[in-house]
1. Just to confirm my numbers, what's the Cα centroid distance between region 154-217 and region 262-334 in Å?
2. Hey, got a sec? Which GluC sites (Glu not before Pro) in region 21-106 land in a DSSP loop and have at most 14 other Cβ atoms within 10 Å?
3. Enumerate by residue number the GluC sites (Glu not before Pro) in region 383-440 meeting two conditions: DSSP loop (anything except H, G, I, E, B), and at most 16 other Cβ atoms within 10 Å of the site's Cβ.
4. Cut-off under 30 Å on the C-alpha distance; same-chain residues fewer than 8 positions from residue 380 excluded. Which lysines are left, in chain and number order?
5. Among 200, 83, 362, determine the one that fluctuates most according to a GNM of the chain built with springs between C-alpha atoms less than 10 Å apart.
6. Round to the nearest 10 and give me the degree value, 0 to 90, for the angle of helix 111-131's Cα axis relative to the longest principal axis of the chain.
7. Across the Cα atoms of region 4-287, what radius of gyration and what greatest pairwise Cα-Cα distance (Dmax) are found, in Å?
8. Note down the relative contact order for the chain as a percent, whole number, built from C-alpha pairs under 8 angstrom at least six residues apart.
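Any read-out appearing in this document is the output of simple, stated calculations on the displayed coordinates, not a laboratory observation. From a predicted model like this one, the values you see are computed outputs, not experimental measurements. Using ideal geometry, Cβ is built from the backbone for each residue, glycine included, and neighbour counts are taken over all protein chains shown.
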Amino acid sequence: MKKFFILCLAFVALTATVQGQTRYSGYYKDLFMDSGIALNTLEELPAAQFLNLSMESIRTYDSGTKIPATEYETELMHNVFVGSEIDENGILLYPDGAARFRVIYVNGGKSTTHGKNLTADGVENFRRFVAGGGSYVGTCAGAFFASKGTFNEKEGTYKDNPDYAGIWPGYTVGTKLSKSATSLTVEKKSPLLKYYDFGGDRMIDSVRHNGGCFMHTANAPKGTEVLLRFVGDTLNLKRSIHQEVNAWAYKADEYTGRVVVTGSHPEKMVSGDRLEMFAGMIRYAMEGNGAPRIKGELQNGETRIMTLRSHDKLPEFTAIGDRQFHHFTFKVPKGAKQVRIDLKPDKGYADFDLFLFAGFDGPVFNDNAKYHNVELGAEKSLYIDAPKAGLLYISVFCFTTVDTVVTKNGEQYTGRVEVLNGVPYTITATVLDEPEVYSK
């Protein structure tokens, strides 16, 4: 089997918890780190280790801001962020366009050069990732890249950057401060204080800063939250950055992910307030993952066909990805004796493992389902005896995932790579007037 260099790190549980914080299930891994072309190359992320997160990454070494990208690294970027023959829409997205990771972290470096190497299709996949419920964390270049562009204070003009993702629809301003460090003050109502008290004085000392940015507060998008501000009253700068917004967050609606960025560099810190600053940013981002979307309402006795692929652009009928949940609803009438839910795979996919869950209290996962069938294989039925009348929530979960091999540039996917383009199936919910006998 042909192998493609793409990513990895560890097995992810169906339900994940970070220091007591439960989040939505249905992601392949917690975090993906972008150390791609023109970004700083990190081989580890201390905050991810601190939070015990499963993580994958892309790492490039041979090209940068002044050295053209190599043919191999260009292909690697394309395979990861745009797609390959084994993964049509890239590793960030499930076949239906939903986020495959809880959060992506984008390193410092050169934001425009990185965006150009992502290509327009790769940048668009970042937008789709956040729109599909995945959250975003960025430092320095990662903050620039998240914006629409920059504001030129001298000229009073806005400059949109087509190589930026615009997932925070505001503008940044360069600090013109390089190879230095500043203190930061935590805003009194900053959500980061939910996780850490930063020594009780809301001060974070000596956070590295190298050519980063601050938020242009005039006309900032509605819903933008201020997290941290610069303490720069002792800096000898032509343009003071004292009390300018250093870190901020934004979430467009309940279904999109949260964007959390800073103009500085806390990502390498292994202890103290600076580690907690970055860990808090990640935690707040993951807390802001998008709410589950319902694929549709199942009709009594009618089979719903979930066999389309990414290129069909009909996510409500697209095959399921690895470790993903698909959610449906079904109206149970009064007096129903039994409801049977039938799950059947497309031809050639019977040996993939799909599970069934159901319940009445909102979208169901493995940890809150009242009814479940976790028999291995893709074909199965779930019986609900004497169900109460009302809206029944049903979910399909794909337990099958890929294997990984660690490499210098990230990881290779091996094993059941077919799951990356989705496992096609059909699902039917039927109200039975006479209960069937079944083996529980």
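1. Cα centroid to Cα centroid, the span is 27 Å.
2. 43, 44, 85
3. 436
4. By straight Cα distance, residue 380 reaches 29, 295, 313, 331, 334, 337, 344, 347, 370, 388, 440.
5. It is 200.
6. It works out to around 40 degrees.
7. Rg, Dmax (Cα atoms, Å): 17.7, 55.
8. 17 percent.
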